[in-house]
Amino acid sequence: MTKAKVSDLDFNNLGFGYHDLPYRYKAEYHDGQWQPGELTTDSTIHLSESAVALHYGQEVFEGLKAYRRKDGGVNIFRPDRNAHRMHNSAERLLMAPYPEDKFVEAVKEVVKANQDFIPPYESGGSLYLRPLLISTSPEIGVHPGHDFLFTIFAMPVGAYYPGGLAPTAFVTSEFDRAAHGGTGQAKVGGNYAASMLPGDNAHKAGYSDVVYLDPREHEYIEELGSANFFGITKDGQFKTPKSPSILPSVTKYSLLALAEEMGMNPVEEAISIHDLDQFAEAGAMGTAAVISPVGSIAHEGKKHVFFSETEVGPKTQALYDRLIGIQYGDQEGPEGWVQDVPLV
Ligand SMILES: Cc1ncc(COP(=O)(O)O)c(C=O)c1O
């Protein structure tokens, strides 16, 4: 893989793909403690063929973004929440969590070291950061490893909706993403491996992604692809599912707070697939797109259309504009949501 060069990039047409940037951060855990980490130019990982991560999926990851402000400075959005979620994910898989304060510092180091690759404010792009924690111990029995590698790499990504928000169509699946006592609340690779077949089926049938229903009764909405769901009722209330098997989305908790600020009386509660008529608008929430408006959901051969299949609803647009405004530093947000990354 050749190293990415700024001169080869068109920041206005980036999409979401891997670029081998100059620097990533790596730290190793040996002898019961984290060793000092450092930036390195080596984008490969040399592993034992019997590393636990490869066979038994003992690995967790994160995803967050850095945003170029209009004044040329750089913001990262709630990295402490990603640090904390990764801590929880690691504990669920019996891994050594990377210290949360060091996680945030390492994110800033990676952003600073690769600052030439942060897309300009006007492009609507951002620098996506991928923290990863894997078990490197050679164990062929099903045992937790005791050696770990933590790394954070970065890549520039384009605006998700360059032409403005556009609704897409979703379909329910007979497959489950995660069980109630399983690993749905943790960001672990196995959840995504399980989602590839249903996701592929949905794409082949012309849908943008899958609506996962609860694994017990197949009635309550869990997640939309790799994003959390929200609906806005006809009287303006923001609702999002509550379930023990969905990923606690940083975007979701941010939008819950903003919906409160905007008088939308937000709640987290079970949402039945048979009760979609209550909603005037719907969307999917996650770091990648912030909000993807949901035009329709197909379930058992019937299509339910929300606001419109082609237009975005006003409340969805207002929530999106508010959150994006905070992330790019155009609007003041709640205390501590945005952290400046010193670039010199
Ligand atoms: C399964 C799943 N749900 C929800 C989300 C959204 O979470 P966040 O807002 O923290 O990106 C993601 C993306 O991280 C995800 O993979």
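What follows is calculated from the coordinates using simple rules that are stated; it is not laboratory data. Just so we're clear, the structure is a prediction, and the values are computed from it rather than from any experiment. When we count neighbours, we look across all protein chains shown, and the Cβ atoms used for this are built from the backbone with ideal geometry, even at glycine.
Return the total of residues in the range 203-247 being in contact with a Lys or Arg (Cβ under 7 Å, 6 or more places away or on another chain), over 24 Å from Tyr160 (Cα atoms) and within 12 Å of the ligand (Cβ to nearest atom).
Residues flagged as in contact with a Lys or Arg (Cβ under 7 Å, 6 or more places away or on another chain), over 24 Å from Tyr160 (Cα atoms) and within 12 Å of the ligand (Cβ to nearest atom) within the range 203-247 amount to 0.
Looking only at the range 174-220, how many residues end up being closer than 20 Å to Glu309 by Cα and buried (at least 20 other Cβ atoms within 10 Å of the Cβ)?
5
In this structure, is His84 within 16 Å of the ligand (Cβ to nearest atom), of a type outside the set (A, V, I, L, M) and not in a strand (DSSP E or B)?
yes
Of all residues in the range 259-283, which are touching a Pro at 6+ places or on another chain (Cβ under 8 Å) and of a type in the set (Gly, Ala, Ser)?
Ala259, Ala270, Ala282, Gly283
Being surrounded by 17 or more Cβ atoms within 10 Å (Cβ to Cβ) and within 15 Å of the ligand (Cβ to nearest atom) is the filter here, so list the residues in the range 88-103 that pass it.
Answer for the range 88-103, where residues must be surrounded by 17 or more Cβ atoms within 10 Å (Cβ to Cβ) and within 15 Å of the ligand (Cβ to nearest atom): Ser89, Phe103.
Residue under question is Val290, and the condition is that it be within 16 Å of the ligand (Cβ to nearest atom), within 27 Å of Phe77 (Cβ to Cβ) and either surrounded by 20 or more Cβ atoms within 10 Å (Cβ to Cβ) or among the β-branched types (Val, Ile, Thr) (or both); does it hold?
Yes; evaluated as a whole, the condition is true for this residue.
Could you tell me which residue of the range 118-167 is surrounded by the fewest Cβ atoms within 10 Å (Cβ to Cβ), considering only residues that are of a type in the set (Asp, Glu) and out of contact with any strand residue (DSSP E or B) (no Cβ under 6 Å at 6 or more places or on another chain)?
Once the filter is applied, the top-ranked residue is Glu122.
Report whether or not Ile76 is part of a strand (DSSP E or B) and among the β-branched types (Val, Ile, Thr).
Yes.
Within the range 53-91, count every residue that is more than 16 Å from the chain's Cα centre (by Cα) and polar (S, T, N, Q).
2
Can you name every residue in the range 104-117 that is buried (at least 24 other Cβ atoms within 10 Å of the Cβ) and among the β-branched types (Val, Ile, Thr)?
Answer for the range 104-117, where residues must be buried (at least 24 other Cβ atoms within 10 Å of the Cβ) and among the β-branched types (Val, Ile, Thr): Val107, Val110, Val111.
Only one residue in Ala318, Ala298 is more than 24 Å from Ala202 (Cα to Cα), surrounded by fewer than 22 Cβ atoms within 10 Å (Cβ to Cβ) and not polar (S, T, N, Q), so which one is that?
From the options Ala318, Ala298, the qualifying one is Ala318.
Yes or no, residue by residue, for (1) buried (at least 22 other Cβ atoms within 10 Å of the Cβ); (2) within 17 Å of Ser135 (Cα to Cα):
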| site | (1), (2) |
| --- | --- |
| Asp31 | no, yes |
| Gly57 | no, yes |
| Glu62 | yes, yes |
| Tyr67 | yes, no |
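So which of Ser292, Ser296, Ser272 is without any contact (Cβ under 8 Å) to a residue 60 or more places away in the chain, closer than 29 Å to Lys187 by Cα and of a type in the set (S, T, N, Q)?
That would be Ser272, the only listed residue that is without any contact (Cβ under 8 Å) to a residue 60 or more places away in the chain, closer than 29 Å to Lys187 by Cα and of a type in the set (S, T, N, Q).
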